[in-house]
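Here the structure is laid out as structure tokens; the discussion comes afterwards.
The values are calculated or read from the model by the stated rules, or taken from the named source; none is laboratory data. Keep in mind it's a predicted model, so treat the numbers as computed, not measured. Positions of Cβ are backbone-derived with ideal geometry, glycine not excepted, and every protein chain shown enters the neighbour counts. Each accessible area value is taken on the protein alone, full model and side chains, heavy atoms only, with ligands, DNA and RNA left out. Shrake-Rupley method; radii C 1.70, N 1.55, O 1.52, S 1.80 Å.
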Amino acid sequence: MQATALLIIDVQNRMFQRGASVYHDAKLLYNLKKLIASAKSKHLPVFYIQHESKGIDLQLHSENWKLHPFLTVEKDDFVIQKKTPDSFYETTLEENLHNKGIKTLLIAGIQTEVCIDTTCRSAHSKGFSTHLIEDAHSTWDTPILKASQMIQHHNHTLQWFANTISTDQFVDRLH
């Protein structure tokens, strides 16, 4: 795999509140932990993207805004702050990726139909080889669609912009 980085998007405390947590929260965290461990075992950089917005209760430095404690940010990891669904827009992400010679992105996290979708499309338009980890992103039910339907729909739709791969397929490719 050419120079590759793992992006973990918006896995913050707010998304795991009791009674209002994202779909399959425990499975999501388990798969993210597995992805991170595999990436680190092969010295792939890990980028944690963190959303800030007063409107959705993610005020800068608040408890809700902090990364989920299941994630362990290490000194060589990157933490990028954003204020829009696009992890590239008005952030240092693209500059950091280019500085590390990164050509391939593995994308996982929250929220499937917003930040995951937008970042996959943006990464593709910027020329990155993009891979969506199909079982490591999540969202919530809406009055129109169940979370499982949105995830399935986006795994299919985003194939225009990203290859889809499961957590286990990624781990197997690295070992």
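Summary table below
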| item | result |
| --- | --- |
| Meets criteria (on the phi > 0 side of the Ramachandran plot, without any contact (Cβ under 8 Å) to a residue 40 or more places away in the chain and either open to solvent by less than 40 Å² (accessible area, probe 1.4 Å) or out of contact with any Phe, Trp or Tyr (no Cβ under 8 Å at 6 or more places or on another chain) (or both)) for GLU90 | yes |
| Residues within region 151-168 that are within 16 Å of LYS27 (Cα to Cα), of a type in the set (S, T, N, Q) and either open to solvent by 30 Å² or more (accessible area, probe 1.4 Å) or part of a helix (DSSP H, G or I) (or both), tallied | 2 |
| Hey, LEU58 surrounded by 15 or more Cβ atoms within 10 Å (Cβ to Cβ) and at pLDDT below 95 or not | yes |
